[in-house]
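**Q** If you scroll down you'll find the structure; I have some questions about it.
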Amino acid sequence: MTAHLPQYKSPRIVGSPTLLIHAAEDFANELTRQRPWVKARYEEVLDLLDDHLSEQQPATLAEYQALDRAAYVQSLPTEEQALAAEVLAEFDAYLREWGWI
């Protein structure tokens with residue numbers, strides 16, 4: 001199953017919380033430029049994370065920051081844990097480097 005992050009066409013609204021999916025889209029787009037061969041796998045991990053954090057409304061970047069990443073990774077099936085840890089570490093670095101947080 002290949003998941004794809006939805007493409008949001010509307011701009012971010014100034015003063016409203018930044019959605020996790022917006023940062024994830026930018027991260028995925030940067031991956032396409034730098035390492036397109038990992039994009040689909042990384043998108044799938046980020047989609048699952050967004051689904052985990054989004055119950056009735058889209059997850060915010062603040063909710064992602066509050067997430068206990070180690071506990072989240074441990075909650076995944078064993079065969080998915082290494083990739084998830086790698087993706088989250090790279091996503092965290094991207095968020096800091098590109099000024100999302």
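The values are calculated or read from the model by the stated rules, or taken from the named source; none is laboratory data. Bear in mind the structure is a predicted one, so any value in this text is a computation, not a measurement. Virtual Cβ from ideal backbone geometry, glycine too; neighbours counted across all protein chains shown. These accessible areas exclude ligands, DNA and RNA; they are computed on the full protein's heavy atoms, side chains included. Shrake-Rupley method; radii C 1.70, N 1.55, O 1.52, S 1.80 Å.
**Q** Of all the accessible heavy-atom surface of segment 9-92, with the other protein chains kept in place and a 1.4 Å probe, what percent is carbon and sulfur?
**A** Carbon and sulfur together cover 54 percent of it.
**Q** Here are a few candidate values for percent of Cα pairs over 20 Å apart: (i) 34; (ii) 51; (iii) 60. Which one was actually calculated from the structure I just gave you?
**A** Entry (i).
**Q** Give the accessible area for S75 in Å² (nearest 10); use a 1.4 Å probe, count only protein heavy atoms, and leave out ligands, DNA and RNA.
**A** Accessible surface of S75 is approximately 80 Å².
**Q** Then there is this: Which far-off residues, 5 or more places away or on another chain, put their amide H under 5 Å from the one on T60, with H placed in the peptide plane?
**A** Answer set, sorted by chain and number: L20.
**Q** Compute a Gaussian network model of the chain, connecting alpha carbons closer than 10 Å, and tell me which residue from E90, E79, E43 fluctuates the most.
**A** Among E90, E79, E43, the largest GNM mean-square fluctuation belongs to E79.
**Q** Just to be sure I follow the definition: excluding the sites themselves, where is the longest run in the chain that has none of the trypsin sites (Lys or Arg not before Pro) in a DSSP loop with at most 14 other Cβ atoms within 10 Å?
**A** 13-101
**Q** Still on this structure: What distance in nm separates the simple spin-label points at A82 and V38, each placed 7 Å from Cα in the Cβ direction?
**A** If labels sit at A82 and V38, their model points lie 1.4 nm apart.
**Q** Please compute the contact order of the chain in relative form: average sequence separation of alpha-carbon pairs under 8 Å and at least six residues apart, divided by the residue count, as a percent.
**A** It comes to 32 percent, rounded to a whole number.
**Q** Report, in deg cm²/dmol and to the nearest 500, the calculated mean residue ellipticity at 222 nm for the chain, where each DSSP H run with n ≥ 4 adds -39500 (n - 2.57) and the sum is divided by the residue count.
**A** My calculation for the chain gives -19500 deg cm²/dmol from helical runs alone.
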